[in-house]
Amino acid sequence: MSSPIRIAPSILAADFSKLGQEVRDVVEAGADWVHLDVMDGHFVPNISFGPDVIKALRPHTNAFFDCHLMIAPADPYLEAFAKAGCDSITVHAESGAHLHRSLQTIRALGKKVGVTLNPATPLSVIENVLDDVDLILIMSVNPGFGGQKFIPAMFDKIRATRAMIGSRPIDIEVDGGITAETIGAAAAAGANVFVAGSAIYKGDGIAAYRQNVTALRAAAEGAIA
Ligand code: DX5
Ligand code: ZN
């Protein structure tokens with residue numbers, strides 16, 4: 001049975017002066033998950049927000065909080081992000097020396113376990129932890145910023161990921177440059193969760209966000225029908 005299509009707006013593209021409202025609106029507009037891009041200005045050349053902001057957003061919605069840690073090291077902060085209300089915590093395989101231990105820690109914290117790879121990082125890096133994760137996040141841009149172009153070589157990487165996991169119940173999430181023009185090919189390649197920042201947080205408010213989420217979902221579902 002194929003995994004359900006999920007649309008996960010990245011709040012990195014939201015209006016930071018009213019993040020609580022922006023989260024409520026995008027969930028009201030039909031988003032399945034809320035993608036939380038945590039950046040430390042060290043692992044990636046940008047700084048976004050930490051666990052206290054996520055804790056402040058938690059009461060605004062019951063939607064799934066999909067936390068993408070673009071930080072190094074990640075281990076010292078996993079408990080703080082779990083306590084802040086993340087439902088899944090995804091670490092970069094490149095962010096530390098002991099990936100298996102990081103994934104075990106997230107599992108022990110009772111959260112969904114995610115691992116992600118930068119575009120140049122080969123899938124072989126995660127072949128020994130497939131039974132320890134619930135989610136594989138394929139970066140289709142170099143992490144740090146929204147509004148970048150999808151790297152076409154990542155379509156093959158998504159296909160190879162789908163083949164590698166076999167029948168395991170693992171979501172394949174793709175992140176970066178997802179638009180109505182790229183989401184179909186990403187879905188056809190085997191992804192089922194789609195992060196989009198600039199393609200969703202454009203226009204103003206629920207009606208615009210609903211139009212954007214609906215268009216993305218239709219393009220993804222149309223590609224696998
Ligand atoms: C980039 C982030 C992405 C980004 C997506 O480092 O991980 O989630 O915010 O933004 P768009 O959809 O605009 O490429
Ligand atoms: Zn992200």
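For residue 138, the residues 5 or more places off, or on other chains, whose built amide H falls under 5 Å of its own are 173, 174, 175. Here the relative contact order of the chain, from alpha carbon pairs under 8 Å that lie six or more residues apart, stands at 21 percent. Max-minus-min Cα coordinates of the stretch 31-121 on each principal axis give 35, 29, 23 Å, with the largest extent listed first.
Between 139, 154, 70, the Gaussian network model of the chain with springs among Cα atoms under 10 angstrom shows the greatest mean-square fluctuation at 154. When the stretch 6-224 is described by a simple charge dipole with +1 on each Lys and Arg Cβ and -1 on each Asp and Glu Cβ, the residue from 184, 152, 56 located farthest towards its positive end is 184. For the stretch 84-135, the Cβ-based charge dipole about the Cα centre amounts to some 180 debye (Lys, Arg positive; Asp, Glu negative; other atoms uncharged). The string of couplings for the stretch 56-68 from the Karplus curve (6.51, -1.76, 1.60, θ = phi - 60°) is 6, 7, 3, x, 7, 7, 8, 4, 5, 8, 9, 9, 9 Hz, one whole number per residue in order, with x for Gly and Pro. Note on the chain: with a GNM built from Cα contacts shorter than 10 Å, the maximum mean-square fluctuation among 209, 201, 77 falls on 77.
On a 22 Å Cα-Cα criterion, which of the cross-link pairs 83/111; 55/111; 55/112; 111/149; 18/55 come out too long? Write down the numbers at each step before the final one.
Numbers: 83/111 10 Å; 55/111 15 Å; 55/112 17 Å; 111/149 31 Å; 18/55 15 Å.
From the list (83/111; 55/111; 55/112; 111/149; 18/55), the Cα-Cα distance tops 22 Å for 111/149.
Once each part is reduced to its C-alpha centroid, what is the distance from the stretch 5-60 to the stretch 187-218 in angstrom? Taking the Cα centre of each part, the stretch 5-60 and the stretch 187-218 sit 14 Å apart. Net charge dipole, the chain: roughly 180 debye, given to the nearest 20, about the Cα centre with Cβ charges of +1 for Lys and Arg and -1 for Asp and Glu. Cα extents for the chain along the principal axes, largest to smallest and rounded to whole angstrom: 44, 40, 32.
For residue 64, the residues whose modelled amide H falls within less than 5 Å of its own, excluding neighbours fewer than 5 places apart on the same chain, are 34. Taking 0.36 nm per residue of separation and subtracting the Cα-Cα distance, full extension of the segment from residue 202 to residue 125 would add 24.2 nm. Here's the picture: charge each Lys and Arg Cβ at +1 and each Asp and Glu Cβ at -1 in the stretch 68-124, and of 69, 124, 82 the one pushed furthest to the positive end of that dipole is 82.
A short reminder: the numbers here are calculations on the coordinates, not readings from a lab. Quantities reported herein were computed from a predicted structural model and do not represent experimental measurements. A quick note on method: Cβ atoms are made from the backbone with ideal geometry, for glycine too, and the neighbour counts reach across all protein chains shown.
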